[in-house]
Amino acid sequence: MSTAWAIVVAAGEGKRMREGPLECGPRKPFIEIAGKPILLWTLEAVARCPDIAGIVLAVGKDDLPSAMALGLRRQLSNWGRGFTTLTGGARRQDTVKRALGAVPDEADIVVVHDAVRPFATPELFSAVICVARETGAAVATLPVAETVKRVEQTDSGTFAVETIDRSNLEVAQTPQAFRAAELRRLLEEAEREGTEFTDEAQLFDRKGLPVAPVEGERLNIKITTPEDLELAEAIFQHRLAPPPRPTADVRVGSGYDIHPLVPGRKLVVCGVEIPSELGAAGHSDGDAACHAAIDALLGAAAMGDIGRLFPDTDPEYKDARSMKLLAGVCARVWNAGFKLLSLDLTIFLEKPKLAPHVQGMTRILTQATNIPAWRANVKAKTMNGIGPVGEGKAIAAQATVVVAIRDAGRETRRDS
Ligand code: MG
């Protein structure tokens, strides 16, 4: 039979955690991070490995009621895993031996895992199980990243006296996996011989039996100190945080313009020349619709206004085609890091009727601004005889545009 069971060891004293402010708090495996006891996170991590058929949990004798209260048996059975809880012994080796007694005979591999390592991945459990089946014993280990010093106490103080060659040093984690029969035999032998050990792999290497290192995981931390708790909380919060919604960072701009209507001028409205007795007075072609759109664009991009960009004292813009100016402003806004999302234009004119020209205006507008027709809208209204527009003395226009930040890096610099 090839079945693996896990022993989760939660029977430690947890002294390092119970110093200081946490002295009176719950014992380590029952401390909650991200809304759940560490123990539950760890059991979930173990149960996620498809190669593990069941779990024996060993807790301290005072912790049995807390463990029972978690309803673990039902949870584990929901995940399709066998489950037994028992109390551990005085030392880790006593605990593991007792737990091993509860592992079903059909299990050929036993994986030992610390209850306070909630971040081990299913892949890591599978890897140690697979390697242990081949070699007899496998341990998750990591190379030592830091420089290692040997420290010595002398009469004049404590000093780092030597730098240890770390090229052959690895730090052991759990999970550790073993052939069950071999682990049973070695545990009994150790008890007879009265030897002590801090992890199960020592039983094997002490006897010269091979223990294969399997590459561990940096985030597979053992939550030992209050600082580890903080780190674990941060990792969980990071992992549990919902992915950012793809909301665009958008800006809105508005523009308004009004021009007097006078004889002897062409009437150009949103790029379209409309037959009329009166035309819009102005330095340029007097296209109020384009001017409103330009101001709205500049407003959304926080780039000033049309008067600053195209002064009406500048001969270059005498009788200028405003639709061309609008196209130029679109390019500037684009280059400044914005993408035009929508443009809504309302034109106020008493006569002639603009309705027959709205389609043509929209077409020219979308060409000049380089946006699809469904992002551009032109509306024409009269003022029902009210005010200068209503009396036929003026043409007015208002525009609203929405732009999105096209270049996040650029925008970050703008904001800083
Ligand atoms: Mg104007």
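The values are calculated or read from the model by the stated rules, or taken from the named source; none is laboratory data. Here the structure is a predicted model, which means the values were calculated and not measured. Don't worry about glycine lacking a Cβ; one is built from the backbone with ideal geometry, like all the others, and counts go over all protein chains shown.
When the stretch 254-268 is limited to residues that are touching a Ser or Thr at 6+ places or on another chain (Cβ under 9 Å) and buried (at least 21 other Cβ atoms within 10 Å of the Cβ), the one that is farthest from residue 324 (Cα to Cα) turns out to be 261.
Count of the stretch 188-203 residues, restricted to those that are surrounded by 21 or more Cβ atoms within 10 Å (Cβ to Cβ) and either at pLDDT 95 or above or closer than 15 Å to residue 99 by Cα (or both), is 1. One residue alone among 313, 346 is within 16 Å of the ligand (Cβ to nearest atom), modelled with pLDDT of 95 or more and hydroxyl-bearing (Ser, Thr, Tyr), and that residue is 346.
Only strands (runs of 3 or more DSSP E) whose full extent lies in the stretch 168-284 are considered here, and the ones with at least 3 residues that are more than 16 Å from the ligand (Cβ to nearest atom) and either within 30 Å of residue 405 (Cα to Cα) or under 37 Å from the mean Cα position of the chain (by Cα) (or both) are 170-179, 212-215, 250-263.
For the condition part of a strand (DSSP E or B) and modelled with pLDDT of 95 or more, what is the one hit in 103, 139, 128?
Numbers: 103 fails: part of a strand (DSSP E or B); 128 fails: part of a strand (DSSP E or B).
After ruling out the rest, the residue left standing is 139.
Counted as qualifying within the stretch 323-410 are the strands (runs of 3 or more DSSP E) with 2 or more residues that are surrounded by 20 or more Cβ atoms within 10 Å (Cβ to Cβ) and out of contact with any Ser or Thr (no Cβ under 9 Å at 6 or more places or on another chain), namely 338-348, 394-405. Residues that are assigned to a loop (DSSP other than H, G, I, E, B), out of contact with any Phe, Trp or Tyr (no Cβ under 6 Å at 6 or more places or on another chain) and within 16 Å of the ligand (Cβ to nearest atom) occur at least once in the stretch 292-307. Pairing residues of the stretch 271-298 that are under 14 Å from residue 349 (Cβ atoms) and among the hydrophobic types (A, V, I, L, M, F, W, C) with residues that are part of a loop (DSSP other than H, G, I, E, B) and near the ligand (Cβ under 9 Å from one of its atoms), at Cβ distances under 6 Å and at least 6 apart in sequence or on separate chains, gives 280/286.
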